[in-house]
Amino acid sequence: MIWSLIVGALIGLIAGAITNKGSSMGWIANILAGLVGSFVGQALLGTWGPSLVGMALIPSIVGAVLVVAVVSFFLSRMNH
């Protein structure tokens with residue numbers, strides 16, 4: 001369980017760095033983005049490529065990038 005949170009945080013951190021939104025998100029948001037993104041990415045793209053703690057890394061990162069982009073889009077809409 002702890003390893004899943006750590007890997008989820010790393011995936012969320014990578015996704016935040018790719019989208020340039022990671023610095024505005026906290027650690028909890030990075031973990032959630034990584035875990036939700038992992039689920040979304042593997043549901044959409046499958047479980048190919050290298051994996052850690054049962055999370056396929058490449059689909060998980062792609063899914064986390066999508067999650068971060070969608071969440072930041074809706075948050076920016078709500079602030080205007």
Notebook entry, point to check: chymotrypsin sites (Phe, Trp or Tyr not before Pro) within the range 46-80: which are DSSP loop residues with at most 12 other Cβ atoms inside 10 Å?
Noted result: TRP48
Note to self: Using Stokes-Einstein with the Kirkwood hydrodynamic radius over Cα pairs, what translational diffusion coefficient do you get for the chain at 20 °C and a viscosity of 1.002 mPa s, in µm²/s rounded to a whole number?
What the structure shows: 177 µm²/s
Margin query: Leaving out ligands, DNA and RNA, and with a 1.4 Å probe, what % of the accessible surface on the chain is carbon or sulfur?
Written below: 75 percent
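Compute the accessible area per residue over the range 1-49, keeping the other protein chains in place, probe 1.4 Å, unit Å².
Computed with neighbouring chains in place, this is 62 Å² per residue.
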Margin query: Let me check against my output: what whole-number percent is the relative contact order of the chain, with C-alpha pairs under 8 Å and at least 6 apart?
Written below: 32 percent
Margin query: What is the angle, in °, between the Cα long axis of helix 27-45 and the longest principal axis of the Cα atoms in the chain? Nearest 10 is fine, range 0 to 90.
Written below: 60 degrees
Notebook entry, point to check: Does anyone have the angle between helix 57-78 and the longest principal axis of the chain? Alpha-carbon axes, 0 to 90°, nearest 10?
Noted result: 20 degrees
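The values are calculated or read from the model by the stated rules, or taken from the named source; none is laboratory data. If you're wondering where the values come from, they're calculated on a predicted model, not measured in any experiment. Using ideal geometry, Cβ is built from the backbone for each residue, glycine included, and neighbour counts are taken over all protein chains shown. Accessible surface is based on the protein model in full, side chains and every heavy atom, while ligands, DNA and RNA are left aside. Shrake-Rupley method; radii C 1.70, N 1.55, O 1.52, S 1.80 Å.
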